[in-house]
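Below you'll find the structure, written out as structure tokens, and then a few comments.
The values are calculated or read from the model by the stated rules, or taken from the named source; none is laboratory data. Nothing here was measured: the structure is a model prediction, and the numbers come from that model. Quick reminder, even Gly has a Cβ in these numbers, built from the backbone with ideal geometry, and neighbours come from all protein chains shown. For the accessible areas, the whole protein counts, side chains as well, though only heavy atoms, and no ligand, DNA or RNA atoms are used. Shrake-Rupley method; radii C 1.70, N 1.55, O 1.52, S 1.80 Å.
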Amino acid sequence: MQPKPPIDFEERCRGAVLGLALGDALGAPHEGGPIERLLWRWIGSTRDGRRRFTDDTQMALDLADSLLRCGKVDQDDLAKTFAGSYRWSRGYGPAAARVLKRIRSGRDWREANRSVHRTGSFGNGGAMRAPIVGVFFHAQPENLVTAARQTAEVTHAHPLAMDGAAMIAVATSAALAGADARTLLDRARQVATQPEYAERFAIAADWLTANAPVSPRDVRARLGMGITALASCVTALYLAGRFRDQPFEAMLAFTAAAGGDVDTVSAMAGALWGAANGAAKLPAAAIARLEAAEQIDAVARQLVAAARV
Ligand code: R7I
Ligand code: MG
Ligand code: MG
């Protein structure tokens, strides 16, 4: 067998950012229950017929914007940027929507982020945008985990949510460096502080090692397809590993068949898959039909330039 040609760093970073947005936009029609899916049939396309992205991509773009402007994690700037972009029609999580509206009306994020759930949200909203941290801090491994936690904290102060962000950020960075599926999972496992994650990591590791033909239903039952970080982050790590050498579309079809929080699991797995395989391997026709694909790609290129420093 011919050895595969190496994939350059820019190609991988663009793959991570575009893979996140594409997973989100293609997963969105499958997210949630019948009401959410019906609503998305109404508002899921732009006027020129492109697939709209949801809060997952919006918050990833906001995070990139803030990091590029500030050159570091500036939580005050980040809170303002997230709040300024809030639109109900992007499908934000219910607690996140309230937190962002409160920040927009002038409340400090340090208080707003614990004003809906007292311990802070344990939703997956901090993790879904964390691939951006993995790209931006790729050359600063000593800062990567703290940066990921800080970017999550603004809206997702619960330790499970901040763990999820750290896990997805380090896994993205490892995928950009060409790590294999098990290494990626192990790096993520090492940064999880909450014991609740242990069982899911063990299951995912067993499945990947055994190359097990696990069904979408089993993935949902054992790893989760939920809106919380706990019930979605290890799932994304597993799917990205399992489908690493298969087409992007196969991973998305499997995720859609599992059901639940399909846009977010697809966004996280999509970013990891894109970081491993590069942007050129993403389905070109789907990219051409993605809302604001050109702008998203431009943001990815700016992140690459910043990450090289
Ligand atoms: O995490 P978050 O931004 O949600 C992202 C999800 C993704 O699927 C997006 O695609 C979008 O559809 O929403 O939103 P949050 O509202 O912060 O958290 C998600 C949900 O987790 C909350 O609405 C709660 O149902 C639940 N949750 C909690 N429940 C009880 N106690 C989060 N934190 C708590 C908690 O502390
Ligand atoms: Mg969403
Ligand atoms: Mg979602």
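Of the residues making up the stretch 236-257, those that are within 16 Å of ligand 1 (Cβ to nearest atom) and open to solvent by 10 Å² or more (accessible area, probe 1.4 Å) are Leu252, Ala256. I'd like the residue in the stretch 262-301 that is open to solvent by 10 Å² or more (accessible area, probe 1.4 Å) and farther than 21 Å from Glu10 by Cβ and, out of all such residues, is farthest from ligand 1 (Cβ to nearest atom). Among them, the one singled out is Ala285.
Looking for something open to solvent by less than 10 Å² (accessible area, probe 1.4 Å), within 16 Å of ligand 3 (Cβ to nearest atom) and at pLDDT 95 or above - is there at least one such residue anywhere in the stretch 130-146? Among the residues of the stretch 130-146, at least one is open to solvent by less than 10 Å² (accessible area, probe 1.4 Å), within 16 Å of ligand 3 (Cβ to nearest atom) and at pLDDT 95 or above, which makes the answer yes. All conditions in (1) free of Cβ contacts under 8 Å to residues at least 24 places away in the same chain; (2) crowded, with 21+ Cβ neighbours inside 10 Å; (3) closer than 24 Å to Cys13 by Cβ hold for Gly125, with the sole exception of (1). Taking the stretch 26-58 as the range and being away from ligand 3 (no atom under 12 Å from the Cβ) and in contact with a Leu (Cβ under 7 Å, 6 or more places away or on another chain) as the test, the residues that pass are Leu26, Arg50, Arg51. Being without any contact (Cβ under 8 Å) to a residue 40 or more places away in the chain and open to solvent by 30 Å² or more (accessible area, probe 1.4 Å) is a condition met by no residue of the stretch 19-26.
You will find that of Asp108, Asp163, Asp180, the residue that is farther than 30 Å from Leu39 by Cβ, within 16 Å of ligand 1 (Cβ to nearest atom) and charged (D, E, K, R) is Asp163 and no other.
Residues satisfying the criterion are absent from the stretch 206-216 (criterion: under 20 Å from the mean Cα position of the chain (by Cα), loosely packed, with under 14 Cβ neighbours inside 10 Å and of a type outside the set (Ser, Thr, Tyr)).
Go through the stretch 19-45 residue by residue and tally those that are closer than 15 Å to Leu61 by Cβ and either more than 13 Å from ligand 1 (Cβ to nearest atom) or modelled with pLDDT under 90 (or both).
Number of matching residues: 2.
The residue of the stretch 53-93 that is farthest from Ala288 (Cα to Cα), among those that are open to solvent by less than 30 Å² (accessible area, probe 1.4 Å), of a type outside the set (Val, Ile, Thr) and more than 16 Å from ligand 2 (Cβ to nearest atom), is Ala79.
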